[in-house]
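Written below as structure tokens is the structure these notes are about.
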Amino acid sequence: MSMSVATEQRQFTSHMRLFHWLTAALVLTMLCIGVAMVASLADYHRLVSIHRPLGILILIVVVIRFVNRHYSTLPPFHATMSPRERSVASASELFLYALLVVQPLVGWGMLSAASYPITLYGSIHLFPILPHNVMLYAVLRRAHTVLAYLLFLTFLAHFGAVLFHTWVMRDGTFSRMAPWKVRAQ
Amino acid sequence: MGGWFNPEALTPARFADGFERVDGIYSGFRLNHAKGVCVSGSFESNGRGTRLSKAVVFKAGRMPIIGRFSLAGGNPYVADEPEMVRGFGLLFKLSDGEEWRTAMINTPVFGVNTPQAFYDRLLAAQPNPKTGNPDPEKMAAFLASHPETVRATKIIQSHPASSGFENSTYYGLNAFWFMDANGRSIPVRWSLAPVQPFAPANSTGPARPDKNYLFDALIASILQQPLQWHLIITIGQATDPTNDATIPWPDAREQLDVGTLTLERVESEDTSPCRDINFDPLVLPEGMAPSDDPLLSARSAVYSQSFTRRAGEKKLPSAVMPSEVRE
């Protein structure tokens with residue numbers, strides 16, 4: 001990327017911002033569904049029926065998003081961020097990406113290992129990616145819960161860091177990813 | 001979300017705890033219908049069901065099935081008794097890769113019509129540790145507040161049990177919706193009617209037979225010749241309740257024979273994939289959908305909880321060993 005672009009660009013590209021907020025909405029919905037699902041008798045079936053296709057949708061969105069990110073120019077970090085903060089921010093971003101890819105794959109794999117049909121909608125279903133093995137299912141089922149909590153904690157850290165920068169340090173970090181266009185001053 | 005915020009609400013986990021409290025914990029076994037044996041064979045659809053549902057299972061043709069016969073209760077080593085509820089779980093492998101799973105029992109209606117009533121009855125029937133028998137006062141109190149259970153019990157008692165698994169009729173109990181190719185929906189129930197002739201319980205064999213006598217007779221009869229059932233769809237009308245498994249539909253409702261199930265092989269749970277299958281009644285192909293019966297989603301949730309718990313447990317050997325049974 002050329003220096004002139006990097007210094008002019010204050011925001012992530014509109015595609016990147018769209019992907020970001022789409023992912024945020026999908027993942028937060030998914031966490032709520034997951035929490036409700038495991039505690040519900042009356043709505044269990046309805047929620048699981050949404051949970052499966054939504055998980056696959058997140059997997060697809062995150063993969064496209066990651067590819068798009070690779071070909072996009074990122075705005076520079078704010079001057080208020082130290083090199084250490086910058087590497088923490090980048091690492092946590094990568095960690096979130098990893099979780100968002102691994103979690104749907106674990107869900108898909110755990111249904112495969114349980115020999116459940118992986119129904120998305122109507123007669124549309126996915127092929128199993130693992131052999132029928134209930135011990136494997138038990139491990140993956142547990143991993144799915146652990147990863148969900150990790151995802152939630154990572155989201156909280158990400159959210160908290162942005163709030164801190166935006167409200168305490170007042171360095172305009174949020175505007176980098178704001179869903180609307182922020183004009184250069 | 002009820003269970004997340006309200007510690008009193010019934011959740012799949014609390015349901016499972018209830019089974020473990022009443023029946024004890026048996027590593028690797030189902031929480032209910034723990035004692036069982038696996039069977040396999042095929043379903044030959046005669047094509048008549050396509051009138052009711054676009055589900056691939058009803059297109060004329062043969063498809064493989066896996067099944068499991070069981071006795072109700074959480075003890076996998078319980079001694080067979082003729083009046084115990086007999087279960088039959090079935091998995092149809094459809095040609096397009098879809099599955100249909102159903103879990104049936106040999107009573108024409110279910111004893112309760114809500115998950116809470118199921119749970120309350122489970123606890124009311126818990127044997128007192130001192131006497132070894134359920135506390136009659138607790139059951140009386142349950143029945144006093146559940147007239148539907150009293151009515152259902154009368155209906156169940158008017159259908160005496162057959163002599164064995166092989167000549168039992170199995171009922172899907174809950175109502176479902178079938179959707180045909182034109183988008184029309186109808187309420188249905190289903191059952192499996194045995195080709196093997198009915199014989200009343202206890203009319204054959206000694207008064208106090210072997211503790212596996214029901215399973216052993218099933219195994220011996222499959223080894224002798226394949227066992228067959230007709231899959232019967234009962235077609236409901238708009239006035240028939242779809243949300244109450246304790247109420248039978250009128251006898252006059254049309255019944256359609258949509259195909260024949262043939263069981264050719266019997267295998268111990270220890271070697272068959274059936275042990276590791278959750279016969280979740282809401283694994284349905286396109287063309288079938290759950291009704292508003294509150295038991296259905298709850299069954300799906302609790303079966304799943306039971307499956308997840310036993311999946312990671314050490315597997316103990318099954319009580320029923322077909323290899324020990326001779327023709």
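The numbers here are math on the coordinates, done by the rules we state, and not lab data. Note that the structure is a prediction, hence the values are computed from the model and not measured. Please note: Cβ atoms are built from the backbone with ideal geometry, for glycine as well, and neighbour counts cover all protein chains shown.
Suppose only helical runs count, i.e. DSSP H with n ≥ 4. What mean residue ellipticity at 222 nm does that imply for chain B under -39500 (n - 2.57) per run, divided by all residues and rounded to the nearest 500 deg cm²/dmol? Don't skip to the answer; put the middle values down first.
Working: 7 runs with 76 residues, N = 327.
Computed ellipticity for chain B at 222 nm equals -7000 deg cm²/dmol.
How large are Rg and Dmax for the protein assembly as shown when calculated on the C-alpha trace, in angstrom?
27.3, 96
Given Cβ point charges of +1 (Lys, Arg) and -1 (Asp, Glu) and nothing else, what value in debye, to the nearest 20, does the dipole of chain B about its Cα centre take? Write out the running numbers ahead of the final one.
Working: 31 positive and 36 negative charges, 23 e Å.
The dipole magnitude comes to about 120 debye.
Which residue fluctuates the most in chain B, going by a Gaussian network model with Cα springs under 10 Å, if the choices are B:Ala252, B:Ala60, B:Ala301?
B:Ala252
Could you tell me which of the pairs B:Lys35/B:Lys59; B:Lys54/B:Lys314; B:Lys93/B:Lys314; B:Lys130/B:Lys211; B:Lys154/B:Lys315; B:Lys138/B:Lys315 are separated by over 30 angstrom between their Cα atoms in the structure shown? Walk me through the numbers on the way to the answer.
Details: B:Lys35/B:Lys59 34 Å; B:Lys54/B:Lys314 41 Å; B:Lys93/B:Lys314 28 Å; B:Lys130/B:Lys211 24 Å; B:Lys154/B:Lys315 38 Å; B:Lys138/B:Lys315 34 Å.
From B:Lys35/B:Lys59; B:Lys54/B:Lys314; B:Lys93/B:Lys314; B:Lys130/B:Lys211; B:Lys154/B:Lys315; B:Lys138/B:Lys315, over 30 Å: B:Lys35/B:Lys59; B:Lys54/B:Lys314; B:Lys154/B:Lys315; B:Lys138/B:Lys315.
Find which of A:Phe174, A:Ile56, B:Ile155 sits farthest along the positive direction of the dipole of the protein assembly as shown, computed with +1 on the beta-carbon of Lys and Arg, -1 on that of Asp and Glu, about the Cα centre.
Ranked along the dipole, the leading option is A:Phe174.
At 7 Å along Cα-to-Cβ for each site, give me the label-to-label distance between B:Lys211 and A:Tyr97 in nm.
Going by the 7 Å Cα→Cβ label model, 6.0 nm.
Quickly work out the A:Ile124-to-A:Ala25 label distance, labels modelled 7 Å from Cα along the C-beta direction, and quote it in nm with one decimal.
1.9 nm
Any cysteines in the protein assembly as shown with zero other Cys Cβ atoms under 4.7 Å from their Cβ? List them, or say none.
Lacking a cysteine Cβ partner under 4.7 Å: A:Cys32.
Please give the net charge around B:Phe58, taking every other residue with its beta carbon less than 13 angstrom from that of B:Phe58, where Lys and Arg add +1 and Asp and Glu add -1. Could the numbers behind the result be given before it?
Numbers: positive: B:Arg48, B:Arg51, B:Lys54, B:Lys59, B:Arg62; negative: B:Glu44, B:Asp96, B:Glu98, B:Asp180, B:Asp257, B:Glu286.
After counting each charged neighbour, the total is -1.
In whole Å, what are the extents of the range B:1-102 along the principal axes defined by its C-alpha atoms, from largest to smallest?
So the three principal-axis extents are 48, 40, 24 Å.
Quick one: dipole size for the range B:47-152, taken about the Cα centre, charges +1 on Lys/Arg Cβ and -1 on Asp/Glu Cβ, in debye to the nearest 20.
Numbers: 13 positive and 10 negative charges, 127 e Å.
I would put it at about 620 debye.
Below 11 angstrom from the Cβ of B:Lys315, what's the summed charge of the other residues (Lys, Arg +1; Asp, Glu -1)?
Working: positive: B:Arg275, B:Arg310, B:Lys314; negative: B:Glu269, B:Asp270, B:Asp276, B:Glu313.
Once positives and negatives cancel, what remains is -1.
Would you work out which of B:Thr260, B:Val195, A:Val101 lies farthest towards the positive end of the dipole of the protein assembly as shown, given +1 charges on the beta-carbon of Lys and Arg and -1 on that of Asp and Glu, about the Cα centre?
A:Val101
Relative to the Cα centre, what is the charge dipole magnitude of the range A:49-161, using +1 at the beta carbon of each Lys and Arg, -1 at the beta carbon of each Asp and Glu, and rounding to the nearest 20 debye? Before the final figure, lay out each step's value.
Working: 7 positive and 2 negative charges, 9 e Å.
Rounded to the nearest 20 debye, it is 40 debye.
Please check: in the Gaussian network model of chain B (C-alpha springs, under 10 Å), which one of B:Gln157, B:Gln255, B:Gln228 has the largest mean-square fluctuation.
It is B:Gln157.
Sort B:Leu223, A:Leu100, A:Leu151, A:Leu26 by Cβ crowding within 10 Å, fewest neighbours at the top.
On the way: B:Leu223 13, A:Leu100 23, A:Leu151 20, A:Leu26 17.
Arranged by neighbour count, lowest to highest, B:Leu223, A:Leu100, A:Leu151, A:Leu26 become B:Leu223, A:Leu26, A:Leu151, A:Leu100.
Taking R0 as 35 Å, what's the FRET efficiency between A:Arg142 and B:Asp251 from their Cβ-Cβ distance, rounded to 0.05? Walk me through the intermediate numbers first.
Numbers: r = 49 Å, r/R0 = 1.40.
Rounded to the nearest 0.05, the efficiency is 0.10.
Based on alpha-carbon atoms only, what is the radius of gyration of the range B:2-315 relative to the globular estimate 2.2 N^0.38 Å?
Numbers: Rg = 19.1 Å, N = 314, 2.2 N^0.38 = 19.6 Å.
Output field value: 0.98.
Along the charge dipole of the protein assembly as shown, pointing to its positive end and built from +1/-1 on Cβ of Lys, Arg, Asp and Glu, which listed residue (B:Val109, A:Tyr116, B:Tyr213) has its Cα farthest out?
In the protein assembly as shown, that residue is A:Tyr116.
Please find, in a Gaussian network model of chain A (springs between Cα atoms separated by less than 10 Å), the residue of A:Ala42, A:Ala24, A:Ala114 whose mean-square fluctuation is greatest.
A:Ala42
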